[in-house]
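Here the structure comes first, spelled out in structure tokens, and everything after it is commentary.
Every read-out reported here was derived from the displayed coordinates using simple, explicitly stated rules and does not represent laboratory data. Remember, it's a predicted structure, so these values are computed and weren't measured experimentally. FYI the Cβ positions are ideal-geometry reconstructions off the backbone, even for glycines, and counts take in every protein chain you see.
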Amino acid sequence: MGDTPATEPESEPDSPGVDDDVIHDSVIHTRALTKRYRGGQLAVDGLDLTVPAGSVFGFLGPNGSGKTTTIRMLMGLIEPTSGAARVLGRPMPRSARTVLPHVGALIEGPALYGFLSGRDNLVRYDAADPTADPRTRRARVAAALDRVGLTAAAGKKAKAYSLGMKQRLGLAAALLQPRRLLVLDEPTNGLDPQGMREIRSLIRELASDGTTVFLSSHLLDEIEQVCTHAAVMAQGRLITQGAVTDLAAGTRGRLVVTTPDAGEAARVLKEQGASDVVITEDRVTAEPPDRELADLNTALVTAGVRVRGFVVERASLEDAFVALTGEGFDVAG
Amino acid sequence: MSRVEVDAPQGRGELRDQPPQRESRRTTFYGTLFRNELHTTFRRWRTLALLGVLAAVPILVGIAVKIETGDGSSAGGAGGGGPAFISQITNNGLFLVFTALAATLPFFLPMAIGVIAGDAIAGEANAGTLRYLLVAPAGRTRLLLTKYATVMTFCLVATLVVGVSALTVGALLFPLGDLTTISGTTISFTDGLLRALLIALVVAASLIGVAALGLFVSTLTTSGIAAMATTVGLLITVQILDQIPQLDALHPYFFSHYWLSFADLMREPIYWDDLTKNLGLQALYAVVFGSAAWARFTTKDIGS
């Protein structure tokens with residue numbers, strides 16, 4: 001497996017009986033995936049998720065929205081109550097043995113053997129993979145440690161690691177082999193801003209090599225910065241999924257005019273067809289009308305409004321999320 | 001293997017399996033994970049502490065016997081109390097091996113096994129490392145077999161630690177030489193050593209049942225401590241029940257019932273009846289609880 005280029009997710013052998021292209025162009029594909037826990041609680045409810053090959057896919061949702069349960073089902077750790085999941089084109093959990101060697105995963109934070117050194121932790125996880133070649137183990141472990149910047153601390157016992165170092169070691173475990181899919185559950189948890197930036201650039205680097213990255217996070221700006229695609233979950237249900245640009249485009253931007261003559265500006269804007277005009281001190285915000293905005297500015301200036309700033313604030317993913325769920329980004333009750 | 005084949009989506013239309021991918025050609029390196037597991041287990045401070053306690057038992061017994069018999073009286077007194085063979089230690093240090101095994105088999109040895117076996121799966125679940133082993137993917141059946149093999153290895157090592165410690169202390173404190181069997185015949189010291197080794201192997205095999213039971217308990221919980229405590233608790237309960245005459249009919253099914261039959265290896269000729277019953281019973285426990293552990297572990301949702 002070490003000789004397999006990680007760059008060809010589309011080289012999936014198609015089975016003659018299956019003609020649905022979506023299934024085979026996607027790295028993860030679920031149909032009506034449902035998990036009801038023994039207590040009767042519905043954690044994931046009829047999830048239809050499609051992760052395109054080569055994407056950096058952001059999996060968003062508040063805590064308790066079913067993200068981790070979904071990831072556990074995809075990784076074959078828990079059995080779906082109903083529905084089906086395919087990873088790398090093959091059914092899970094049935095094909096766990098052939099699929100998982102191509103998948104690196106960080107699930108709900110790192111878990112380490114505190115009494116082993118960082119290096120020995122990786123050696124152990126690598127030994128657990130029957131497809132990993134023991135002859136190249138040392139070299140691959142060293143390379144993975146280097147990639148996350150842990151070479152200097154490799155000999156230290158893992159219990160002496162800081163949270164950030166543990167997170168890095170967990171990431172290193174996911175990078176022991178060239179992978180076709182990386183599943184990263186909150187990968188920047190516990191990292192300082194510098195560490196977060198490093199991880200983000202690592203993710204971009206891996207993605208440019210062709211690895212599909214499935215990134216779960218509750219940090220919207222993190223998703224916006226690195227992801228090409230995203231899905232939003234709330235209370236076990238999928239609310240939307242698609243390209244990040246499309247998702248944000250669904251929500252229109254707001255016009256923001258900064259001026260000392262706020263009252264007059266608001267009047268002119270309404271006159272020009274803007275709706276939902278809100279005045280806050282020296283800022284006037286409004287839904288812009290469907291016409292050339294430069295004319296709007298001219299109208300303001302002609303009316304004697306002293307304009308300090310005139311800008312359309314692009315909708316963020318957060319705006320999209322609020323628009324979609326009609327609620328803030330809080331823990332589901 | 002594992003639940004994957006038990007209740008996978010049953011080949012409905014678009015879910016039907018594709019031809020195997022070319023990459024995952026290499027078959028299992030059982031030895032590799034097993035070796036790593038041994039390495040991991042025997043490097044733990046806790047494992048070494050357990051072995052240390054086991055090594056200390058023969059030292060304490062040896063010193064106690066030495067002190068007590070310093071005035072020329074025989075150990076165990078006229079009443080013949082204490083573990084089997086204890087009265088013969090002063091004549092021959094080799095008997096300390098038998099005494100030490102008889103003293104540790106009812107409790108210390110199975111307790112140590114209970115700790116290691118109980119922690120095997122539950123401890124990994126507790127630390128969260130289980131999910132990473134399974135995603136690696138270790139394979140549930142493979143992981144369980146590896147764990148069982150490691151616990152069995154620990155049984156053997158623990159027994160040998162007791163035996164070697166006892167032999168060393170016995171040789172240092174007491175004379176060695178030809179020895180008298182329970183049947184009254186005399187065998188050479190070399191023959192005696194071989195018997196001692198055979199006894200150690202039988203004692204190790206006597207622990208298979210507890211090991212299987214502990215491993216099964218370990219698949220039921222995600223708390224290593226709870227699994228260890230339950231296994232040790234079961235051990236004590238069974239030992240107590242084995243002493244209650246009214247439960248006579250059940251006694252032959254208690255894993256500890258024939259434990260002390262290893263003494264029959266010191267008869268001339270060897271009396272095999274209870275020995276084979278013991279080994280058969282251990283095999284039965286291994287099959288029953290091994291299957292139960294497998295059934296449980298391969299279908300379990302790993303939520304930790």
Legend entry - Charged-residue dipole, Cβ positions (Lys, Arg, Asp, Glu), the range B:255-304 about Cα centre, Debye nearest 20: 260 debye
Legend entry - Dipole axis of chain B (+1 Lys, Arg; -1 Asp, Glu on Cβ), positive-most option in B:Ala100, B:Ser223, B:Val210: B:Ser223
Legend entry - Proportion of all alpha-carbon pairs of the range B:130-264 beyond 26 Å (%): 43 percent
Inset, instruction - Mind telling me which of A:Arg124, A:Arg36, A:Arg283 comes out most flexible in a GNM of chain A, alpha-carbon contacts under 10 Å? - result: A:Arg283
Legend entry - Average partner coverage of A:118-130, which counts Cβ from other chains inside 10 Å: 6
Inset, instruction - Select from B:Thr231, B:Thr219, B:Thr153 the residue whose mean-square fluctuation is largest in a Gaussian network model of chain B (Cα-Cα springs shorter than 10 Å). - result: B:Thr153
Inset, instruction - Please list, in chain and number order, the residues 5+ apart from A:Gly58 or on another chain whose amide H is under 5 Å from its amide H, with Hs placed from the backbone. - result: A:Leu215, A:Thr228, A:His229, A:Ala230, A:Ala231
Legend entry - Debye-sum result for the range B:61-204 in log10 I(q)/I(0), which assumes one identical scatterer on each alpha carbon, at q = 0.10, 0.12, 0.17, 0.19 Å⁻¹: -0.46, -0.59, -0.90, -1.06
Inset, instruction - In debye, nearest 20, what is the charge dipole magnitude of chain A about its Cα centre with +1 on Lys and Arg Cβ and -1 on Asp and Glu Cβ, if you could check? - result: 1720 debye
Inset, instruction - Over every pair of different alpha-carbon atoms in the range A:135-217, take the mean of 1/r and invert it; report that Kirkwood radius in Å. - result: 13.1 Å
Inset, instruction - Enter the mean number of other protein chain beta carbons within 10 Å of the beta carbon of each residue in A:97-110, as an integer. - result: 4
Inset, instruction - With the cut-off at 21 Å, report for the range B:115-189 the share of all Cα pairs above it, as a whole percent. - result: 54 percent
Inset, instruction - Could you list the square roots of 5 times each eigenvalue of the Cα gyration tensor of the range A:73-178, that is, the equivalent ellipsoid semi-axes, sorted largest first and rounded to whole Å? - result: 27, 16, 11
Legend entry - Most mobile listed residue (A:Leu100, A:Leu296, A:Leu47) in chain A, GNM with C-alpha springs under 10 Å: A:Leu296
Legend entry - Helix-only [θ]222 nm of chain B, DSSP H runs n ≥ 4, -39500 (n - 2.57) each, per residue, nearest 500: -20500 deg cm²/dmol
Legend entry - Hydrodynamic radius (Kirkwood) for the range B:195-277, which is based on Cα pairs only, to one decimal in Å: 14.3 Å
Legend entry - the range A:92-133: Cα Rg divided by the 2.2 N^0.38 Å rule of thumb: 1.31
Legend entry - Links that overshoot a 22 Å alpha carbon limit, given the list A:Lys35/B:Lys300; A:Lys156/B:Lys300; A:Lys67/B:Lys300; A:Lys67/B:Lys147: A:Lys156/B:Lys300; A:Lys67/B:Lys147
Inset, instruction - Tell me which residues come under 5 Å, amide H to amide H, from A:Ala303 once H is placed; ignore anything under 5 positions away on its chain. - result: none
Legend entry - Packing rank of B:249-256, B:100-107, A:262-269, where each peptide gets the mean count of other beta carbons within 10 Å, highest leading: B:100-107, A:262-269, B:249-256
Legend entry - Positive-pole candidate from B:Ser165, B:Asn36, B:Ala138, dipole of chain B, charges at beta carbon: B:Ala138
Inset, instruction - Determine the dipole magnitude for chain B: charges of +1 sit on the beta-carbon of Lys and Arg, -1 on that of Asp and Glu, nothing else is charged, the reference point is the Cα centre, and the result goes in debye to the nearest 20. - result: 1260 debye
Legend entry - Calculated SAXS-style log₁₀ I(q)/I(0) at q = 0.07, 0.09, 0.11, 0.15 Å⁻¹ - chain A, Debye, Cα scatterers: -0.38, -0.58, -0.78, -1.18
Legend entry - 10 Å Cβ shell holding at most 15 others, DSSP loop, trypsin sites (Lys or Arg not before Pro): longest site-free stretch of chain B: B:44-266
Legend entry - Residues whose placed amide H lies under 5 Å from that of A:Ile78, excluding near-sequence neighbours: A:Met73, B:Ile302
Inset, instruction - For the range B:221-235, take each phi angle, set θ = phi - 60°, evaluate the Karplus expression 6.51 cos²θ - 1.76 cosθ + 1.60, and give the result in whole Hz per residue in order, putting x for glycine and proline. - result: 9, 10, 10, x, 4, 4, 5, 5, 4, 4, 4, 5, x, 4, 4
Legend entry - Normalised convex hull volume, the protein assembly as shown, alpha-carbon set, Å³ per residue: 207 Å³
Legend entry - 3J(HN,Hα) from dihedral phi, the range A:138-154, Karplus parametrisation 6.51/-1.76/1.60, rounded to Hz, x for glycine, proline: 4, 5, 5, 5, 4, 5, 5, 4, 5, 5, 9, x, 10, 3, 5, 9, 4
Legend entry - Among A:Ala132, A:Leu150, A:Ser162 the positive-end extreme of the charge dipole of the range A:128-195 (Cβ point charges): A:Ala132
